[in-house]
1. Taking only the range 184-193 into account, find how many residues are crowded, with 18+ Cβ neighbours inside 10 Å and more than 19 Å from Asp233 (Cβ to Cβ).
2. Let me confirm something: among Asn307, Asn321, which residue is among the polar types (S, T, N, Q) and touching a Ser or Thr at 6+ places or on another chain (Cβ under 8 Å)?
3. Which one of these is of a type in the set (Lys, Arg), more than 18 Å from Val248 (Cβ to Cβ), open to solvent by 20 Å² or more (accessible area, probe 1.4 Å) and touching a residue at least 40 places away in the same chain (Cβ under 8 Å): Lys163, Lys148?
4. Which of the residues belonging to the range 144-183 are out of contact with any strand residue (DSSP E or B) (no Cβ under 7 Å at 6 or more places or on another chain) and more than 22 Å from Gln232 (Cβ to Cβ)?
5. Does the range 247-255 contain at least one residue that is among the small types (Gly, Ala, Ser), over 25 Å from Leu313 (Cα atoms), at pLDDT 90 or above and in contact with a Gly (Cβ under 9 Å, 6 or more places away or on another chain)?
Amino acid sequence: FPQGEENSSAYVFLCAQPRTLTLPIAVKGSHKIWHLEKDVAAAARNSLRAPTAAPTAALTAAPTAAPTAPATKATPAPPLDLLGASAASQLGRPAATIALKPIKGRNVRVLQDGLVLLKGVLDVEAQQGIVQLCRDLGVSAAGFYAPKTRDGAMHLHMMCLGKHWNPVTNRYEDVRSNVDSRRVPPLPPSLWSIVADAAAAATDACASIPAVRPGICLANFYSHAGRLGMHQDKSESRDSISRGSPVVSVSIGDSCDFAYSAVRPDDTEMAMGAAKPKQVRLDSGDVLVFGGPARLLFHSITKIYANNRPAELNMIPGRLNLTFREL
């Protein structure tokens, strides 16, 4: 599979002429779609085995085992290295300064009450510093892993800092009980510093966003085929959510489309002409803040734009997203 990913499915479909279908109901399950280059697609077709013979009557008459629940334990995989083959060339280099640029009016966009986009407030040096820091943490024993929910695999790699978020139970815990029971790395103060500054700038632009208190970070890495379905961030404490403590989201690497809605969009309603979620493009170096009345905003990542990033940024293809929140 592309980007060295693994998939335990017994079925692979190669589409010669793919097209988007409008479905009247939501399709559940864990599915993944890759766009293959022509030579890779040809090799994939050639490697597929011919269909096996139909089962005999004796076999079809045999009782079948009851279906089992999908496994929720994350599958061990080689550590994700954000620098890839260039990691060796970074050895010995001084750590880059991680800080926000001076924020001016043109950098601040209030998308709605409680939702503020700070456009391009991290320069390439700061972005590279974050990549290097996350890379060093990510290749450690408690670094990036491929998470699973009760419904199957998520389309990303995840690393938690400060506290582990368990995608099976939707709860925070001290150890990674759904993976390997290791303790997660602490949240580096240099990262929390930019969060506090970004949240303060968002509050200046939108008074309904309260101050944020030190918390935790979820670092998600998306390949070009990665995505994240519509959801709310609501695993935090009742006090944190009711206070509207903001979620601060940092984007690094390839650009993405971020969709958001005040209510959960329903596929059937949208097919019948109901309002679709709004959407905004997030580029490398952007910081998005949502809190106050927008704290429980439904949001998703619908598309990653390949090779849409600063030319000077040294990171493997894909998007690194750091979301910080108060517990």
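The values are calculated or read from the model by the stated rules, or taken from the named source; none is laboratory data. The shown structure was predicted, so the numbers you read here are calculated from the model rather than taken from an experiment. Reconstructed Cβ throughout: ideal geometry from the backbone, glycine too, with neighbour counts over all protein chains shown. The accessibility values were calculated without ligands, DNA or RNA, using every heavy atom of the protein model including side chains. Shrake-Rupley method; radii C 1.70, N 1.55, O 1.52, S 1.80 Å.
1. Within the range 184-193, the subset crowded, with 18+ Cβ neighbours inside 10 Å is 184-185, 187, 191-192.
If we keep only those that are more than 19 Å from Asp233 (Cβ to Cβ) as well, we get 185.
Looking only at that region, the number is 1.
2. Details: Asn307 fails: touching a Ser or Thr at 6+ places or on another chain (Cβ under 8 Å).
Exactly one of Asn307, Asn321 is among the polar types (S, T, N, Q) and touching a Ser or Thr at 6+ places or on another chain (Cβ under 8 Å), namely Asn321.
3. Exactly one residue qualifies, and that residue is Lys148.
4. Selection gives Asp180 alone.
5. Step one: list which residues in the range 247-255 are among the small types (Gly, Ala, Ser), which gives 249, 251, 253, 255.
Filter once more, so that each one left must be over 25 Å from Leu313 (Cα atoms): none.
Within the range 247-255, none of the residues are among the small types (Gly, Ala, Ser), over 25 Å from Leu313 (Cα atoms), at pLDDT 90 or above and in contact with a Gly (Cβ under 9 Å, 6 or more places away or on another chain).
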